[in-house]
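Take a look at the structure below.
The values are calculated or read from the model by the stated rules, or taken from the named source; none is laboratory data. Bear in mind that the values here come from a model prediction, so they are computed numbers and not experimental data. Note that we place each Cβ from the backbone using ideal geometry, even for glycine, and neighbour counts take in every protein chain shown. Just so you know, the surface numbers come from the protein's heavy atoms only, side chains and all, with ligands and any DNA or RNA stripped out. Shrake-Rupley method; radii C 1.70, N 1.55, O 1.52, S 1.80 Å.
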Amino acid sequence: MTRVVLLDVRANQHTGIDRFGASLVGSLDRALTTGRLPVGGGALRFTVLAQPAQRARLATSGTGVRLLFAPAADGFVRRSAWVRELVARLRPDLYVTTHYTVDRALAVPFVHTIHDLHRLLHPEYAYTPESVARHYGPGEW
């Protein structure tokens, strides 16, 4: 049985999240290409969702992962009709995002990454609901 993982590495700028996503994609591609990723008797297929601006940083050999690029108008919005339609069409077994926000209405199990735990010790450097709304748009908090 083939398991499908949709890996969302979209990032709105070249930050640590973007570098983490690119590194993860490269590592997955190498592991799948060389057969070093154990898949427990089945097959794994990774589809990577990225921003068009990330194309150069996500160059892979093309044998391990499939790259999809979000439409430019979709931007960085987590509650994206395009992503919801993509999930409905691909029916992945798991949706993984390298960002700390996720559309919890997706009809699929998901994993999201928690970054920057130093903000627990230094909340003065953390986003506020207002700064998130200004930067990412209303409703993203």
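Numerical summary
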read-out: Members of the stretch 82-141 found to be among the small types (Gly, Ala, Ser) and either farther than 22 Å from Gly16 by Cβ or free of Cβ contacts under 8 Å to residues at least 12 places away in the same chain (or both), listed by number; value: Ala88, Ala105, Ala107, Ala126, Ser131, Ala133, Gly139
read-out: Answer from Leu90, Leu58, Leu44 - the residue that is modelled with pLDDT of 85 or more and either open to solvent by 10 Å² or more (accessible area, probe 1.4 Å) or farther than 23 Å from His135 by Cα (or both); value: Leu90
read-out: Those residues of the stretch 93-105 which are surrounded by 10 or more Cβ atoms within 10 Å (Cβ to Cβ) and either out of contact with any strand residue (DSSP E or B) (no Cβ under 7 Å at 6 or more places or on another chain) or over 14 Å from Val4 (Cβ atoms) (or both), in sequence order; value: Thr97, Thr98, His99, Tyr100, Thr101, Val102, Asp103
read-out: Number of the exception - Ala72 against (1) at pLDDT below 85; (2) surrounded by 15 or more Cβ atoms within 10 Å (Cβ to Cβ); (3) not aromatic (Phe, Trp, Tyr); value: (2)
read-out: Subset of the stretch 120-138 that is assigned to a helix (DSSP H, G or I) and among the hydroxyl-bearing types (Ser, Thr, Tyr) - its residue that is farthest from the chain's Cα centre (by Cα); value: Tyr125
